1. Can Ala112 be described as modelled with pLDDT of 95 or more, within 16 Å of Leu224 (Cβ to Cβ) and surrounded by 20 or more Cβ atoms within 10 Å (Cβ to Cβ)?
2. Please specify each residue of the range 76-111 satisfying the condition of being charged (D, E, K, R) and under 18 Å from Leu142 (Cα atoms).
3. If a residue has to be in a helix (DSSP H, G or I) and not hydroxyl-bearing (Ser, Thr, Tyr) to count, how many in the range 160-177 make the cut?
4. So, Gln191, is that one assigned by TED's automatic domain parsing to the domain that holds Ile227 and surrounded by 12 or more Cβ atoms within 10 Å (Cβ to Cβ) or not?
5. Tally time: how many residues in the range 185-224 are over 28 Å from Ala129 (Cβ atoms) and in contact (Cβ under 8 Å) with a residue 40 or more places away in the chain?
6. Can you name the helices (runs of 4 or more DSSP H) wholly within the range 76-159 that have at least 1 residues being closer than 17 Å to Ala173 by Cα?
7. Scan (1) modelled with pLDDT of 95 or more; (2) under 24 Å from Ala40 (Cβ atoms); (3) crowded, with 23+ Cβ neighbours inside 10 Å for the single condition Ala104 breaks and write down its number.
8. For Tyr132, work out the one condition from (1) at pLDDT 95 or above; (2) surrounded by 20 or more Cβ atoms within 10 Å (Cβ to Cβ); (3) in contact with a Gly (Cβ under 8 Å, 6 or more places away or on another chain) it doesn't fulfil.
Amino acid sequence: MPSRTTAAALLAAFLLAGCAAKPKGPTAAESYQAGDFARAYELASAEAARSTGPARERAALLAGMSAHARDDNTSAEAQLRPLLSSRDPDTAGMAGLTLGLVEAEQNNHREAVVLFSSAAPRLRGEQAARAYFYAGESHNALGNSPTAVVQYRLAQARATSPTLQAIIANRLAMDAFTLQLGAFRDPNRAQSLAAQNRRRAAAMGLPEPRVMQRPDPSGRAIYLVHIGLYRTQQEAAAARAAMGNAGAVVRTSSSPG
């Protein structure tokens, strides 16, 4: 799995603060930091099952984040949904942030916006910045460009890592529009969608669908399927209408790369 250094370090600091005596071998949090998400899930879910109160919530949070990291969204949902009502803002916020990622990765951006927007005010520093940033990403995917810019600026005011700061600056510099047919973690799914729409785009006189790779703040690649590059939102909307109102009009950069 790709590195999730920032999230892992902050999560581990939060979780380890409440841990009891260290067992033999790596703990669940240490396994998560090392990228051994299967072992982290095994240890954390077992701890959650035998614990109560804040200790159970901390273990369930780590189990849910580990499940998400290994693309087991069913287990992630089961561990994290109950934590949304936690009295601890860090726990509720991290659960909401992770569930928002689950929804966004399945292109359920309306639900993702709700989760990110609820999580952001509960979190602090870099994790709050991530929640606002991802809210901006989902608003952009929904075609809500002005709201996306607001969320990016809220993220910019809180971001501390150079990586996230650079990504936010890139988003705020976006000066054009495109028709986005989909966004995927799996490059094969992106290529398949592009191929499925190639003939129709040509028939409508539109550019060929292209797959664009973009990093997210955790270092994972996202593969976007785009058609065209337009100066105005109205021009991109016309392209969307020609494609049967598929996808969404989103902001992008006119610069290559």
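1. On the way: modelled with pLDDT of 95 or more: yes; within 16 Å of Leu224 (Cβ to Cβ): yes; surrounded by 20 or more Cβ atoms within 10 Å (Cβ to Cβ): yes.
Yes.
2. We begin by selecting, within the range 76-111, every residue charged (D, E, K, R); these are 77, 81, 87-88, 90, 103, 105, 110-111.
Hits for the range 76-111 are Glu103, Glu105, Arg110, Glu111.
3. So the first thing to find is which residues in the range 160-177 are in a helix (DSSP H, G or I), and the list is 162-172.
Narrowing the set further to residues that are not hydroxyl-bearing (Ser, Thr, Tyr) leaves 162, 164-172.
Qualifying residue count, the range 160-177: 10.
4. yes
5. Here the count works out to 3.
6. Answer list for the range 76-159: 125-141, 145-156.
7. Going through (1) modelled with pLDDT of 95 or more; (2) under 24 Å from Ala40 (Cβ atoms); (3) crowded, with 23+ Cβ neighbours inside 10 Å one by one, Ala104 breaks only (1).
8. Among (1) at pLDDT 95 or above; (2) surrounded by 20 or more Cβ atoms within 10 Å (Cβ to Cβ); (3) in contact with a Gly (Cβ under 8 Å, 6 or more places away or on another chain), Tyr132 violates only (3).
The values are calculated or read from the model by the stated rules, or taken from the named source; none is laboratory data. On a predicted model such as this, the values are computed, not experimentally measured, just so you know. Virtual Cβ from ideal backbone geometry, glycine too; neighbours counted across all protein chains shown.
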